[in-house]
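Below: the structure, in structure tokens.
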Amino acid sequence: MEVKNINSDEYLLWEQLKKGNQEAFLNIYQSNYQSLFAYGFKISKDKELTKDVIQDIFLDLWNKKSALPEVHKTKAYLLTYLRRALLKKINIKEINADQFYDKHFELILSYENIIIEKERKKELYQKLSNALNTLTPRQREIIHLKFYEQLSYEEISNVMEMKYQSVLNLTHESIKILREVLISIFCFIKIVFF
């Protein structure tokens, strides 16, 4: 007897989608969009077509939610759905499938893609560095000890010769500041790149 490898969170979200839960639908969309776009773009080589088809399949999922099959691997299901929808849009029947894949599905990143990715990482690193620089020296020290050295609050209290509660408060305050800066960075990324 074959045992299915089931991710219970994925399965539960899918079941919630089938019942019309908008939050589950949005969660599935957000957690799979990047993978779908990357895969779809490799097939189509057309960003706008890929975005449109992704929107179409999610609209279709929502409209047919009550009739959806039982799905245990959401990403695999969505990638299959996307592939079929893209190939149908491109109308692959008109050309030889081998020629299509030779032309469209390269796994090697082009030099331009590598440069663009490097620039994105550099920009994100700079924004993160700027975010860390908004902290006071003591806050940066606590962040370093907590997250880089993985010390407990008690150990940090001893190292920095501070009261335990003060360490907790300063850590909380530091994380709050970083969270606010990082949320604005990720909102910027989402707007610019997606």
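Some observations on this one:
- Listed residue pairs exceeding 25 Å between alpha carbons, taken from Lys88/Lys118; Lys64/Lys88; Lys45/Lys121; Lys51/Lys75; Lys73/Lys146; Lys42/Lys118: Lys88/Lys118; Lys73/Lys146
- Pairwise label distance in nanometres, Phe147 with Glu180, each label 7 Å out on the Cα-Cβ vector: 1.6 nm
- Taking Ile177, Ile54 and counting other C-beta atoms within 10 Å, the order from fewest to most: Ile177, Ile54
- The distance between label points at Lys47 and Ser31 comes to 2.8 nm (points 7 Å beyond Cα on the Cα→Cβ vector).
- Under 13 Å, Cβ to Cβ, from Glu48 - net charge with Lys/Arg +1 and Asp/Glu -1: +1
- Peptides 132-143, 65-76 ordered by average Cβ neighbours within 10 Å, highest first: 132-143, 65-76
- 12 Å beta-carbon shell around Asn21, net charge (K/R +1, D/E -1): +1
- Low-density loop cleavage sites - chymotrypsin sites (Phe, Trp or Tyr not before Pro) in the stretch 113-167, where at most 16 other Cβ are within 10 Å (DSSP): none
Only the coordinates and a few stated rules stand behind these numbers; no lab work does. This is a predicted model, so every value here is computed, not measured. Note that we place each Cβ from the backbone using ideal geometry, even for glycine, and neighbour counts take in every protein chain shown.
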